[in-house]
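The structure appears below as structure tokens.
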Amino acid sequence: MATRKQARVKETPPPEPTIKDELRALKVDRILQVAAKLFIERGFVGTTMEAIADQMSMTKPFIYQFFPNKHALLAAICDRELRDSLSMLNAPLTDDGPPEQRLVNFVRIATLRNIENRGLWSLMSVEEKHLPKEMLSDIRALEMQFHKRLTAIIEAGAKSGAFVAAHPELASRAVMGMTQWVRRWYKGTADTSPQDVADELCVLSLRMLGYQGNAAL
């Protein structure tokens with residue numbers, strides 16, 4: 001008896017964005033940029049929807065088309081930063097390279113990201129009481145996700161003999177703490193660039209884990 005071939009279901013590609021969609025995205029992006037700048041400079045409480053509109057030379061109804069209030073703006077700003085950070089930091093945590101190189105790649109990307117967006121992360125930390133509970137849960141979940149993956153890298157390094165780490169989870173928190181604390185103290189100087197800071201933290205992370213090899217920095 002002949003078998004019948006099952007018809008394959010063809011996946012429909014997502015529709016191309018229309019000009020209207022692109023214009024909307026540009027408007028939303030501009031609103032979020034201006035709102036983030038004012039939140040960082042004046043604080044969440046000290047910034048009004050009117051001030052955001054004035055900064056854009058627009059009216060409040062223009063912003064209300066996209067965001068009902070300041071809380072929605074703050075949540076959208078934080079959500080975008082979380083998604084961007086997740087996208088950038090996932091690569092070094094999930095690739096197949098040796099543990100020491102994956103650690104270096106993670107520390108470098110995390111350090112540079114934290115320096116570049118230190119204002120946003122400080123905003124999220126200071127104003128987290130104004131964030132929805134769901135957003136706070138997302139932030140904590142993201143931090144835990146990075147912690148678990150970084151712990152796995154350190155465990156792999158300890159197993160291969162590249163690292164000396166009796167407590168990989170503790171070592172993971174120490175490494176993450178270094179990359180996060182840079183948001184607070186780095187102010188930018190002529191003799192110390194963000195890349196200099198990232199290189200130094202890479203070296204310190206490897207030394208902390210007892211690495212004796214020659215990982216590419």
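The values are calculated or read from the model by the stated rules, or taken from the named source; none is laboratory data. Every value quoted in this text rests on a predicted model; they were computed, and no experiment measured them. When we count neighbours, we look across all protein chains shown, and the Cβ atoms used for this are built from the backbone with ideal geometry, even at glycine.
Ser137 falls short on exactly one of the conditions (1) within 13 Å of Ala75 (Cα to Cα); (2) in contact (Cβ under 8 Å) with a residue 24 or more places away in the chain, and that condition is (2). Within the stretch 87-111, residues that are without any contact (Cβ under 8 Å) to a residue 12 or more places away in the chain and surrounded by fewer than 24 Cβ atoms within 10 Å (Cβ to Cβ) sit with their Cβ atoms under 7 Å from residues that are part of a helix (DSSP H, G or I) and basic (Lys, Arg), at 6+ positions apart or across chains, in these pairs: Asp95/Arg102.
The conditions of being modelled with pLDDT of 90 or more, more than 30 Å from Asp29 (Cα to Cα) and surrounded by 19 or more Cβ atoms within 10 Å (Cβ to Cβ) are met by Ile153.
Going by what's in this entry, would Leu93 be described as at pLDDT 90 or above, on the phi < 0 side of the Ramachandran plot and over 12 Å from the mean Cα position of the chain (by Cα)?
Values: at pLDDT 90 or above: no; on the phi < 0 side of the Ramachandran plot: yes; over 12 Å from the mean Cα position of the chain (by Cα): yes.
It is false that Leu93 is at pLDDT 90 or above, on the phi < 0 side of the Ramachandran plot and over 12 Å from the mean Cα position of the chain (by Cα).
All of (1) under 30 Å from Asp199 (Cα atoms); (2) of a type in the set (Ser, Thr, Tyr); (3) not assigned by the TED database to the domain that holds Ala165 hold for Tyr64 with one exception: (1).
Taking residues in the stretch 177-204 that are among the aromatic types (Phe, Trp, Tyr), and partners anywhere that are at pLDDT below 85, the pairs with Cβ atoms closer than 7 Å and at least 6 places apart or on different chains are Tyr186/Arg118.
Determine whether Ala165 is among the small types (Gly, Ala, Ser) and touching a residue at least 24 places away in the same chain (Cβ under 8 Å). So Ala165 fits the description; yes.
Counting only residues that are within 17 Å of Gly119 (Cβ to Cβ) and of a type in the set (S, T, N, Q), which one in the stretch 36-72 is surrounded by the most Cβ atoms within 10 Å (Cβ to Cβ)? Within the stretch 36-72, the match that is surrounded by the most Cβ atoms within 10 Å (Cβ to Cβ) is Thr47. With respect to Ser193, determine if the residue is in contact with a helix residue (DSSP H, G or I) (Cβ under 8 Å, 6 or more places away or on another chain) and among the hydroxyl-bearing types (Ser, Thr, Tyr). In short, no. Filtering the stretch 33-47 to residues that are within 13 Å of Ser122 (Cα to Cα) and either without any contact (Cβ under 8 Å) to a residue 12 or more places away in the chain or under 18 Å from the mean Cα position of the chain (by Cα) (or both) leaves Ala36, Lys37, Ile40, Glu41, Arg42.
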